[in-house]
Amino acid sequence: MAAVEKLHHLQPSVIENCVAAAGFSVGEFAALVFAGAMEFAEGTGRSLVLCKAVVLGSLGVRDTAKNDTGPTQVMGREHMDRGDIGT
């Protein structure tokens with residue numbers, strides 16, 4: 001999102017004429033925010049949850065009670081306030 005803001009200041013017409021945005025992993029949230037499909041605060045919150053899940057997954061932390069096999073993309077507001085994800 002910082003790169004988009006920089007580009008907006010340097011070449012605003014590029015941003016104004018953009019017709020598509022895409023991203024990978026955390027960049028997916030940035031693309032959704034850029035497209036106006038998600039608020040900035042929601043995008044950063046989901047990015048934080050995803051990053052924590054990836055770190056926990058890389059450390060081998062699993063929720064065996066739920067047969068968790070590792071982190072996946074976290075979508076849905078119900079996961080944002082769950083204390084058992086990324087805490």
Based on this model, can you work out whether residue 54 counts as out of contact with any helix residue (DSSP H, G or I) (no Cβ under 6 Å at 6 or more places or on another chain), open to solvent by less than 70 Å² (accessible area, probe 1.4 Å) and modelled with pLDDT under 90?
no
Among (1) within 18 Å of residue 5 (Cα to Cα); (2) open to solvent by less than 50 Å² (accessible area, probe 1.4 Å), residue 25 falls short only on (1)
Based on this model, can you work out whether residue 17 counts as of a type outside the set (Gly, Ala, Ser) and at pLDDT 90 or above?
yes
Every residue in the range 36-51 that is open to solvent by 60 Å² or more (accessible area, probe 1.4 Å) and within 11 Å of residue 1 (Cα to Cα), please.
40, 44
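The values are calculated or read from the model by the stated rules, or taken from the named source; none is laboratory data. What you are looking at is a predicted structure, and each value in this text was computed from that prediction instead of being measured. Cβ coordinates were reconstructed from backbone atoms using ideal geometry, including for glycine residues, and neighbour counts include every protein chain displayed. Surface areas here come from the heavy atoms of the whole protein model, side chains and all, with no ligands, DNA or RNA. Shrake-Rupley method; radii C 1.70, N 1.55, O 1.52, S 1.80 Å.
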